[in-house]
Structures are given as structure tokens and as C-alpha cells.
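Following: one structure in C-alpha cells, then a few remarks.
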Amino acid sequence: MEERGVHADCKTYIWLLEGCLNSGSIKDAKRIHGRILKSGFDGDSVLCAKLIDFYLGIGDLSGAMKVFDFMPERSVSTWNNMISGFLKKKTYFRVLDLFLRMLEDHASPNNATFASILRACSGANVDFHYVEQIHSKVFLYGFATDPLVCNPLIDLYSKNGYIKSALSIFEELCSRDSVSWVAMISGFSQNGHEEEAIQLFCQMRKSGIIPTPYVFSSVLSASTKMGFYELGEQLHAQVFKWGFSSETFVCNALLSLYSRSENFIFAEQIFTEMNRCDGVTFNSLISGLSQRGFSDKALQLFEKMQLSGLKPDCVTIASLLSACASVEALHKGKQLHSYTIKAGLLSDIIIEGSLLDLYVKCSDLDTAREFFNSTTTENVVLWNVMLVAYGQLGDLSESFEIFCQMQVAGLKPNQYTYPSILRTCTSLGAMDLGEQIHTHVIKTGFELNVYVCSVLIDMYAKHGKLEIAREILERLTEKDVVSWTAMIAGYAQHELCIEALRLFEEMQIRGIRSDNIGFSSALSACAGIQALNQGRQIHAQSYVSGYAMDLSIGNSLVNLYARCGRIQDAYSAFQIIDAKDEISWNGLISGFAQSGHHEEALQVFTQMNRSGVRANLFTFCSVVSASANIADIKQGKQFHGRIIKTGYDSEIEAGNVLITLYAKCGSIDDAWREFCEMHERNEVSWNAMITGYSQHGFGNKALDLFEEMKRKTVKPNHVTFVGVLSACSHVGLVNKGLNYLKSMSEEHGLVPRPEHFNCVVDILGRAGLLQHAREFIEEMPIKPDAMIWRTLLSACTVHKNLEIGEFAAKHLLELEPEDSATYVLLSNIYAVTQKWNCRDQMRQMMKDRGVKKEPGRSWIEVKNSVHAFFVGDRLHPLADNIYEYLKDLNKRISEIGYVQDRYSLLHDIEQEQKDPNVYIHSEKLALAFGLISLSPLIPVRVIKNLRVCNDCHNWMKFVSKVSNRTLIVRDAYRFHHFKDGACSCRDYW
């Protein structure tokens, strides 16, 4: 054509370039490009566009760019072609640069432009602020509802965690194709909204959209994460129906599903039938086997993976190391360590963390420390693992050293660093260090981090600093159930049960769903205040929330019903628990013991022994306490022997409960011996001994011990002062008692409670200072309760003061009109002041109001059997012998001066009774039975449910003299030790 002198035009060159593009002749195309330049057609836009197509087609981005740069005019399609060419080569930032040039040239991008730019953003992993700017341009150019643009936008928002924004874009779409649904479903699944992903899949199916393999992959993943394994199996059937069972990524999702559900038969079947396996395939199955403890199978699969030519990645090795760590397979773990060195994977962050975790969990801390020191990467996870390791060993010094080294190395702690060391501080009670770490938390900006705050709340709550814990909780903006639960548990642990239940209710009002620990703590709080009805409501809530079979809740329910005295309900709750542990048994035992069902507590302990569950310190403390409360010293001593055998005798709690046992059983010398043999004592130890001495009438010893307690710098508490003031009461130290009350607030910072004021009223009343006692009550800073008025009324009975007695009785009847003690005490005053008509009126009032006096009962143990007696009891098999012996005994003591006090006998029949041998109080019968049944070398111990009357007290003094025996009587108020005609209370009780 040229030889004939015919000049080519633009169309000729376009046809020639198309031919070169089709044939792939690069040399010819470049020659043509040269002719175009010589001919002056390089300014033709259509021809330039065709040249760009050619260069992009052969992958010569530089050649295309040169042509593009010299184009006089560029169409949108030309811009899009250039952008698409760079996108294919994954030069994402060049794509973004082109887009900026396009906007600067005032070219209007179309939907294809934005679709390419958004894919480039995804590939370049640009700052999300840039994506938002592009999104604004999308709105500006009118493509906000175009599926071609919105589909990649949904994907970008989802990948960056802005799932609500992604959903908003999805809902505004003018039409949705399968890509739109896949993007949104995948976004939900990847952002922890698995349930929404499944619901959206159902909507997609209803809308008639044909599912794709990618959709099934996302929904199967969501079902696996949610634990909806049955749904996953149904989806598997649909996968098979639509012919996607040969797709590798769908099979990988199915492998993960069946591995997580521990259905390894199906998992292995899918694996065997797969046409092509990739690294994800092996990782899914290896990870599933590792997590379920099948480390041997996981390692075998690893060998198969190597034989198939696939190289394991970091996820593979990390899963295998996790498998070895879970079964403490240290040798296999070390082999994998060697493999990572050979494969050059050792420097990977995930591998480093997994290796360190392996050595820590296999208790090879020396190797762990050596490996830790050998790492060069600034991986904060490794430091955290070491903090956890030393924390589990209870080595606070090493934990703190690691923490300090971390600061020196310039590594910034993360949200897992602080909890690691704070938990160690909590478990070891190192509050000073914990508070220092808290200061560091604030300085580094983690004071509002939910994870860190939950551990801080737990630390302060467990150690009684509840106000600080509550302040941290109040500052939290997120609804974190762990933080709220820690606070509730702290209140319950420190017996602030009402506060715990209020907070539990507030948590629910705020829409925070409780977990099993929250329900368990709330139930414990109900048990603490015996709120049975509220406990039942919380029980129902826990059941509805899916925690019906939770062990911690089951144990709390056992404790609740036992503490509330609901024996059958407690047994029922106990029987429901499948895997009963020590806490289950202890909850039943301690609950019965604390609710006064001591015999049932001891019976459960016997059942616990038969079941093979080993008793711990808490168990022994509960059963010893139960023995103490029923004064069963023989069984208590057996428990003492077992405590020694099991090595718990060195524990402070064991020593404390044994002191109480011996004190309550009348063996105050044994209590003192136990106190002296304790290697370490706390305030409970001192309180138990002071209270014991006080109850036994050794007031001066109790006060001497209190002074020694202060010299030892042991801080007294409210319980201490109850014992001290009671001691003053029992030995008549009026001024000293008043001074001790004053010292509570002035010297020890303690606010006196009603029980302390009651002790002072008792001190004044016993001393006969009844007017002073009345004035003291009227001037008290608190409103007097029934206990205080009852104490004053009792003193008036002893001292025959009718005026103040009636005054006290009036207030007492207003507070507790159904309490029989008030009527009885007032009747006593009328009797001793010979106001018989008034006494009869009082007794008639009792009948009219249906108030029944508690009958007097006394108990004595003889030859492993407990014998109970009522007033005038003749039901005992040896009743004739007992009454005959009493007749002789009364004769003997009458000869040495005993005279019956008839004013101590309150019933009409008692007043009319002339023969003192016929109508006899229960303690006399019990003592007489003990005297004829027990060896002369054994003290006679009797328990009475009411206060010993004046006549019986005087009678016992004479009996101890003529029988030459030691008599120990525990009444409702204190112990009386009778020996040689005298009582330890010195007639002051």
C-alpha cells in the first residue's frame, strides 16, 4: 500500500493494531506505533486508546502509561482501562494515584471506575478514612445504590468492622445480586454476627437468589462458630443438592464444622473424598483434632500433609504445638520445635507464642525462660505468657521482674498484660503492688478497657475495697457482664448480700444478660440473707437462660436451700447435680450446719465419706462447727483426730473452729490448749478464746487476753468487743465495761452496734443499776431493739424491779407481741413480787393471744446416746431410778442447807406442789441420770435450751458438794462449772 503511494489513515492503523493484538506480535505492533508517531496520528484519541489496549494486553504497563500520558483527551473508558490494567497487576497504589489524576483532570468516574478503585483499596489495605472519602464521591456521582459499586463497599466496611454501615449500604441497594448477598453474609460471619448471617441467608433463599459456593462457605462458618451443628448438617445437604460438594473452600468449611462438633467420622470422610486439598483443608482437620486432644492423629495428618507436597504454615505448626501442650506431650513438642528451626518458621510471632505456651503448660519453666530470652522479636504476647506462667506458680517477684523488664525493653503493655500480673496480685493478696499496677494502667490509657477493668474490679472486690471496685464499674461505658459479675461476687463474698442482689437487679434492668457466675453469686447472696423466694426466682431465670445443668449454679442452689432449712429441696437440688464435687458436698454440709440442722450436716458428712469424696479443710470446719453447736464433744474430738491426720491442723481456720468446739462443749482448758498450740493466729482466734472465757465465767481471763491481743498489735473488731463486754457483764465490771464501749470509737475506729449496747445494758442490769440502764437505753444513738428491752426486763426479774420491768415489757410487747419470753419474764417479776393477780392476768393474756411458752428441755450424752428430758419427764426407761436417786439426793443436800426457791416455779401447779420430788425441772433430771450412769472420773455435761433458774442453780451447787463431782451446764446464756459447792459464775449470771 505504501509502495503504491497510498497513505494509511487512523482506521488503517486501528485494524493493524487489532491484528497484532490478536496474533500477539509485539514486534510488529511497536513498528506500527513508530509509523503512527511519524505520521502524526499520535494525537488521535481512538488510536491512542487502541495502543493502550495493546500494551495492557501484553502486560506492558510502562508502554501503556507513556501513550496515556501524551493523549490529548482521555475518555472515561480509557481511564477505566488504565485503572483495570494496574489492578490486574496488583499495583494498588498506582491505581489510587490514577484515580486522583482522573479527578484532577475533571473526568467523571462511572460505576466501573468506583468498583475498581474500591477493590484496589481492599488489596492495598489503605487507611479506612480514605475509603470513607471515596464513599462520599460515590454519593456525589449518584452511584450510592448501584450494586457494582456497593458490593465492594459492603466488603470493605465489613472487613474494617463497620458492620452497621455495611448493612445500611446493603439495605439501600436498588437491586441485589448474588455478590451483594455473599458480601453481607460474609461480613456478618466475619464480625461475630453469626446469627444475623444465618438469618440473612434464609432471607436470600426466600427472595429466590440462587446460592453460590461462597455463600455456603460463609453460612457454614457462622453455624460452626455458633455451635449450630444440626443447622450445619442441613446446609451440608443443600451443598450436596446444588452440586457444590467438590468445591475445596466449601469442603474446608464442612471439615471445620464436623471437627468442632467432634464428628470426626464425617470429617475424615469429607477429607478422603475431596478432589483437591489445600493448606486450609489440612489446617482445619489438624486444628480440630488438636483442640479435642487427639494429638497423635493430628501429628499423623501432619505427616500426610508433608507427603502430599503441601508445606505446613504457621497455623499448622501452632495447632500441633497446642495439641502437644494440651496433653503435655513435651517430647513431640520439642520435635516440632526442631522442625520450625529447619523450616525457617521460628521467628513467626504465632509460632513463638505457641512454643512458649508449650513449655509453660508442660511445666518446663527453665526451657521456657531460656526460649523467652532467645527471642528477638518485640512480641508482647511472649511477655504475657511468662507473666501468666509465674503467676500460676504464685511467684510474684518473678512476675514483677518480668513486668519491669518489659518496661525497660520499651514494650508497651496491652490489655492482656495488666490482667496477668493483677490476677497474681489478687491471688497472693499483694494489694500494694496491685494498686501500683492500677496507677500504671491509668498512665498508659487502659483505665476504661473492659478486660483490664474487669480484673481490677475483681481484685478490689475480693480484698474488701468495694467502694473503689464500684467506682471503676460506674466509669465503664460498655455493658460488660464479667465486670458486673465480679462486683456482685465481691459483695456476696463480703456478706453484703442486699447490695449484691440490688446490683444483680440493676444489671438486668440495663439489659446485661447474666452468665453462670452471675447467677451463682446472686444465689449465694440469697443464701446469705435466706431470701428463699428471691432465690427461687433467680433459679428460674438461670433455667430459662440455659444454665439448668451448670455445676456452679447447682452448688449455689444446694447451699441456698440448705441455709434456708429446706432440707428436702436441698437434697433434691443436690441429687440433680451429675458431677458432684467437693463444693457440692460442702454446700450441703455447711448449709445445714448454718441453718441449725446440725444432725443432718453430720449425716451428710457420713454419706460423703462413703461416696469416696475426700473432705477438705472447709468440710472439717463445717462438721466441727456442727458438733460444737450440739455440744457433741466426742464426735468433735474424732474430727480433731482426722484434721491432724490430713495435715490441716496447721491451718488457722482449723485451730479457730477447734477452739470454738471445746469452748462450746464446756472444755475450756482444751480450748486454751488449742489456742496455745497454734503457730499463727488471726483476730478470729483471739475472738474465739475471749468469747469462750467470757461464756465460761472467766471474765478476768478474757479481759487479760484482750489486753495481750492489743499488745500483739492484733486489731480488734466488733466480735472482739462483744466478748469483752460480755466478760465485763459476767464479772460485774461496770466502769470497765463502759470504758471499753467508749474506746471502740475513740481508740479503734469502730461504731458500736446494737449487740454492744445490749452488753452494756446487761452489765448495768446485772449490777442492779436498773435506772442507769434505763437512762442509757433512752440516750443511745440508735433505736433500741427487742434484744435490748429483753435484757433489761430479765435484769428487772432478777432484781425484782416491777416499775422498770413493766416499762421494758411494754416496749417489748410492741416490738414482738408473739414472743413468749416477754410474758414469761414479766410473769416472773409478778411472781417474785407476789403480785399473783397480775401474774394470772399475764398468763391469761398469753392464752388469749395464742402465745405458747417454749418448754424447757435438757440433753445429756451417755454411752454414745443423747438423752432428752422435759419438766417432770417420766418417759425415760430409767425414770423410777432417776426419781428415787433424786429423792435421796434432795434429802442429802437439805441436810447441808439447801432450801427450795418456790418463786422460780412459775405454773399454778408448781405453786401448789408441796413435794419437790414430784415436779422437777429438766436439768435436774438430766444431771441425776448422768450421776447414776457416768463414771465418777467423767464430768457430767448437760445442755439446756432456757436460762437456768435460781432454784436449779442453787441446787446444783449443793449437789456438786455432796456428790464430789464436777457438773458442767450450758444454758441459753453461758456455761456454769459447778465444783465443791461453788459455780464459776460466782452466782452472777
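The values are calculated or read from the model by the stated rules, or taken from the named source; none is laboratory data. Fair warning: this is a prediction, and the values are worked out from it, not measured in the lab. Cβ sites come from the backbone with ideal geometry, for glycine too, and all protein chains shown count toward neighbours. Please note that ligands, DNA and RNA were not included when accessible areas were found on the heavy atoms of the full protein model with its side chains. Shrake-Rupley method; radii C 1.70, N 1.55, O 1.52, S 1.80 Å.
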Filtered residue count, segment 733-768, keeping only those that are of a type in the set (Gly, Ala, Ser), open to solvent by 30 Å² or more (accessible area, probe 1.4 Å) and more than 20 Å from Met787 (Cβ to Cβ) = 3
task = Output the residue which, of all residues in segment 491-531 that are closer than 18 Å to Arg470 by Cβ and of a type in the set (D, E, K, R), is surrounded by the most Cβ atoms within 10 Å (Cβ to Cβ).
result = Glu499
ask   = Which members of segment 291-303 meet the condition of being of a type in the set (S, T, N, Q) and over 13 Å from Ser261 (Cα atoms)?
value = Ser295, Gln300
request  = Check Met487 against each of (1) touching a Lys or Arg at 6+ places or on another chain (Cβ under 7 Å); (2) within 22 Å of Asp581 (Cβ to Cβ); (3) crowded, with 22+ Cβ neighbours inside 10 Å; (4) not aromatic (Phe, Trp, Tyr) and name the one condition it does not meet.
outcome  = (2)
query = Which of the residues that make up segment 461-480 are open to solvent by 10 Å² or more (accessible area, probe 1.4 Å) and under 17 Å from Ala430 (Cβ atoms)?
reply = Lys462, His463, Gly464, Lys465, Ile468
inquiry  = Give me the helices (runs of 4 or more DSSP H) completely within segment 668-747, filtered to those with at least 2 residues that are within 27 Å of Asp987 (Cα to Cα) and either touching a residue at least 40 places away in the same chain (Cβ under 8 Å) or small (Gly, Ala, Ser) (or both), ordered by residue number.
reply    = 668-677, 683-695, 699-711, 718-731
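Quick one: count up the residues across segment 806-819 that are open to solvent by 20 Å² or more (accessible area, probe 1.4 Å) and in a helix (DSSP H, G or I). Break it down stepwise before answering.
In the first step, residues of segment 806-819 are kept if they are open to solvent by 20 Å² or more (accessible area, probe 1.4 Å); the result is 806-807, 810-811, 813-819.
After this cut, where a residue has to be in a helix (DSSP H, G or I) as well, the list is 806-807, 810-811, 813-815.
Residues that pass the stated criteria total 7.
Quick grid of which residues meet (1) in the same structural domain as Ile968 (by the TED database); (2) of a type outside the set (A, V, I, L, M); (3) within 30 Å of Leu793 (Cα to Cα):
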{"position": "Gly699", "(1), (2), (3)": "no, yes, yes"}
{"position": "Phe706", "(1), (2), (3)": "no, yes, yes"}
{"position": "Thr713", "(1), (2), (3)": "no, yes, no"}
{"position": "Val724", "(1), (2), (3)": "no, no, yes"}
{"position": "Cys728", "(1), (2), (3)": "no, yes, yes"}
{"position": "Asn739", "(1), (2), (3)": "no, yes, yes"}
{"position": "His748", "(1), (2), (3)": "no, yes, no"}
query = How many residues does segment 615-634 hold that are outside any helix (DSSP H, G or I) and of a type outside the set (D, E, K, R)?
reply = 4
inquiry  = Against the condition out of contact with any strand residue (DSSP E or B) (no Cβ under 8 Å at 6 or more places or on another chain), under 22 Å from Cys362 (Cβ atoms), at pLDDT below 85 and β-branched (Val, Ile, Thr), how does Val408 come out, does it pass?
reply    = no
message = For the structure I just gave you, tell me whether Phe188 is buried (at least 19 other Cβ atoms within 10 Å of the Cβ) and closer than 26 Å to Asp97 by Cβ.
response = no
Near pairs, Cβ below 9 angstrom, 6+ apart or cross-chain, from segment 335-353 (buried (at least 20 other Cβ atoms within 10 Å of the Cβ)) to any residue that is of a type in the set (Phe, Trp, Tyr) and outside any helix (DSSP H, G or I) = none
ask   = Filter segment 854-896 for residues that are under 30 Å from Thr822 (Cβ atoms) and either among the small types (Gly, Ala, Ser) or open to solvent by less than 30 Å² (accessible area, probe 1.4 Å) (or both); which is farthest from the chain's Cα centre (by Cα)?
value = Gly872
request  = Please enumerate the residues belonging to segment 970-989 that are without any contact (Cβ under 8 Å) to a residue 60 or more places away in the chain, closer than 19 Å to Tyr898 by Cα and under 52 Å from the mean Cα position of the chain (by Cα).
outcome  = Phe978
query = In the list Gly288, Gly309, which residue meets the criterion of being of a type in the set (Gly, Ala, Ser) and surrounded by fewer than 24 Cβ atoms within 10 Å (Cβ to Cβ)?
reply = Gly309
note = Given the conditions (1) surrounded by fewer than 24 Cβ atoms within 10 Å (Cβ to Cβ); (2) within 38 Å of the chain's Cα centre (by Cα); (3) within 27 Å of Lys664 (Cα to Cα), every one holds for Phe721 apart from (1)
remark   = Condition set touching a Leu at 6+ places or on another chain (Cβ under 9 Å), open to solvent by 10 Å² or more (accessible area, probe 1.4 Å) and assigned to a helix (DSSP H, G or I), scope segment 576-586, selection nearest to Ser627 (Cα to Cα): answer is Ile583
query = Being open to solvent by 60 Å² or more (accessible area, probe 1.4 Å), in a helix (DSSP H, G or I) and not polar (S, T, N, Q), is that true of even one residue in segment 593-606?
reply = yes
message = Being touching a strand residue (DSSP E or B) at 6+ places or on another chain (Cβ under 8 Å) and in a loop (DSSP other than H, G, I, E, B) is the filter here; which residues of segment 646-667 pass it?
response = Cys665, Gly666
inquiry  = So Glu683 ticks every box in (1) more than 38 Å from the chain's Cα centre (by Cα); (2) open to solvent by 30 Å² or more (accessible area, probe 1.4 Å) but one. Which box is left unticked?
reply    = (1)
key: Flag for Ile169 being β-branched (Val, Ile, Thr), crowded, with 16+ Cβ neighbours inside 10 Å, more than 20 Å from Ser75 (Cβ to Cβ) and in contact with a helix residue (DSSP H, G or I) (Cβ under 7 Å, 6 or more places away or on another chain)   = yes
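Given Glu495, Glu474, Glu467, which one is closer than 23 Å to Arg423 by Cα and part of a loop (DSSP other than H, G, I, E, B)? Quick ask: steps written out before the conclusion?
Numbers: Glu474 fails: part of a loop (DSSP other than H, G, I, E, B); Glu467 fails: part of a loop (DSSP other than H, G, I, E, B).
Testing whether each residue is closer than 23 Å to Arg423 by Cα and part of a loop (DSSP other than H, G, I, E, B) leaves just Glu495.
Here's the yes/no breakdown for (1) in a loop (DSSP other than H, G, I, E, B); (2) at pLDDT 85 or above; (3) not basic (Lys, Arg):
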| site | (1), (2), (3) |
| --- | --- |
| Cys48 | no, no, yes |
| Ile52 | no, no, yes |
| Met71 | yes, no, yes |
| Ser84 | no, yes, yes |
| Arg94 | no, yes, no |
| Ala112 | no, yes, yes |
| Val131 | no, yes, yes |
| Phe139 | no, yes, yes |
inquiry  = When the residues of segment 943-961 are narrowed to those that are touching a helix residue (DSSP H, G or I) at 6+ places or on another chain (Cβ under 6 Å) and charged (D, E, K, R), which ends up modelled with the highest pLDDT?
reply    = Lys944
Matching entry among Glu775, Glu803 (being open to solvent by 70 Å² or more (accessible area, probe 1.4 Å), within 19 Å of Ile829 (Cα to Cα) and assigned to a helix (DSSP H, G or I)) = Glu803
